[in-house]
1. Yes or no: the stretch 85-93 includes at least one residue that is more than 23 Å from Pro141 (Cβ to Cβ), in contact (Cβ under 8 Å) with a residue 12 or more places away in the chain and open to solvent by less than 30 Å² (accessible area, probe 1.4 Å).
2. Please work out if Gly191 is surrounded by fewer than 19 Cβ atoms within 10 Å (Cβ to Cβ), small (Gly, Ala, Ser), part of a helix (DSSP H, G or I) and modelled with pLDDT under 95.
3. Quickly run through the stretch 157-206 and pick out the residues that are small (Gly, Ala, Ser), touching a Phe, Trp or Tyr at 6+ places or on another chain (Cβ under 9 Å) and farther than 19 Å from His131 by Cα.
4. Select the helices (runs of 4 or more DSSP H) contained entirely in the stretch 83-146, then report the ones holding at least 3 residues which are at pLDDT 95 or above.
5. Show the residue pairs meeting these rules: Cβ distance below 6 Å; 6+ apart or different chains; first residue within the stretch 149-176 and outside any helix (DSSP H, G or I) and of a type outside the set (Asp, Glu); second residue modelled with pLDDT of 85 or more and surrounded by 14 or more Cβ atoms within 10 Å (Cβ to Cβ).
6. In the stretch 209-222, what residues are in a loop (DSSP other than H, G, I, E, B) and either under 29 Å from the mean Cα position of the chain (by Cα) or among the aliphatic types (A, V, I, L, M) (or both)?
7. Scan the stretch 54-72 residue by residue and report those that are under 12 Å from Glu102 (Cβ atoms) and either touching a residue at least 12 places away in the same chain (Cβ under 8 Å) or charged (D, E, K, R) (or both).
8. Test of understanding: among Arg215, Arg208, which residue is modelled with pLDDT under 95 and within 21 Å of Ala115 (Cα to Cα)?
Amino acid sequence: MSNAKPAKTAGTAETTAKTTAEATGKSPARAENAKGSGSSRRPYHHGDLRRAILTAALDVIAVDGPSALSLRDLARRAGVSHAAPAHHFKDRTGLLTAIAAEGFGLLAGAIGEAADLKDAGVRYVRFAREHPAHFQVMFAPELLRDGDLELTTARALAADALSHAVSAVPAEGRGPGARLAGVAAWSLAHGFATLLLGHNLDGAMSERDPEEVFRALASMLFQAPAE
């Protein structure tokens with residue numbers, strides 16, 4: 001007598017699927033589909049969720065401003081659950097504070113590599129042009145969490161970088177004091193960058209390179225007195 005087991009018939013397979021469906025409350029077809037699609041139903045995994053949310057937020061701010069930010073919308077853009085952004089930033093203020101801290105860190109790095117004060121100003125303007133969303137948030141304290149350590153540290157680094165650039169200017173070329181010279185340099189660079197981003201200088205600038213225009217303005221402000 002042969003020991004071979006009889007092959008499972010189509011009817012037996014149908015009965016098994018039907019039994020599984022009855023136990024799970026699914027139709028036979030859905031039960032079979034669920035069985036074969038386990039990998040496609042796994043939760044979405046993000047390699048760097050924090051970075052993805054920050055990037056999505058910067059995109060929104062660049063187009064519609066900080067007021068348009070919504071953690072729920074950012075979660076949808078990143079393809080994650082609605083609660084995921086809160087895990088990293090707690091709330092909208094936390095997200096904006098993280099953006100500002102990142103911006104000041106980037107600015108500190110840019111200014112820190114400047115050859116002189118004029119170059120520091122050019123780099124400030126360049127930063128604003130290349131990171132307009134950061135720039136909008138960084139100088140809006142009402143949107144940020146006061147006392148945040150990361151933000152406070154990044155602000156201090158940017159201020160130190162500017163102070164170092166000012167201190168390199170000969171005393172006779174920076175006016176009555178280094179502190180006021182720093183305020184003047186910051187005001188010039190920040191004001192110029194703000195007007196530029198707001199397209200308020202389009203007519204006056206014509207086709208001129210903004211960085212070269214700023215260099216000319218800085219030369220008018222910081223220069224050694226005539227002999």
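The values are calculated or read from the model by the stated rules, or taken from the named source; none is laboratory data. Not measured: the values here are computed from a predicted model. All Cβ positions, even for glycine, are placed from backbone atoms using ideal geometry, and neighbour counts span all protein chains on display. The area values use the complete protein model at the heavy-atom level, side chains included, leaving out ligands, DNA and RNA. Shrake-Rupley method; radii C 1.70, N 1.55, O 1.52, S 1.80 Å.
1. Checking the stretch 85-93: not a single residue is more than 23 Å from Pro141 (Cβ to Cβ), in contact (Cβ under 8 Å) with a residue 12 or more places away in the chain and open to solvent by less than 30 Å² (accessible area, probe 1.4 Å).
2. Values: surrounded by fewer than 19 Cβ atoms within 10 Å (Cβ to Cβ): yes; small (Gly, Ala, Ser): yes; part of a helix (DSSP H, G or I): yes; modelled with pLDDT under 95: no.
Here the answer is no, as Gly191 does not meet what is asked.
3. Correct list: Gly173, Gly175, Ala181, Ala184, Ala185.
4. Values: elements: 84-89, 92-112, 117-130, 132-138.
Fully inside the stretch 83-146 and qualifying: 92-112, 117-130, 132-138.
5. These pairs meet every condition: Val169/Leu117; Arg174/Ala181; Gly175/Ala181.
6. First, the residues of the stretch 209-222 that are in a loop (DSSP other than H, G, I, E, B): 209, 222.
Residue satisfying the conditions is Asp209 alone.
7. Initially, the stretch 54-72 is screened for residues under 12 Å from Glu102 (Cβ atoms), giving 54-55, 57-58.
Of everything in the stretch 54-72, those that are under 12 Å from Glu102 (Cβ atoms) and either touching a residue at least 12 places away in the same chain (Cβ under 8 Å) or charged (D, E, K, R) (or both) turn out to be Leu54, Ala57, Leu58.
8. On the way: Arg208 fails: within 21 Å of Ala115 (Cα to Cα).
None of the others qualify; the one that does is Arg215.
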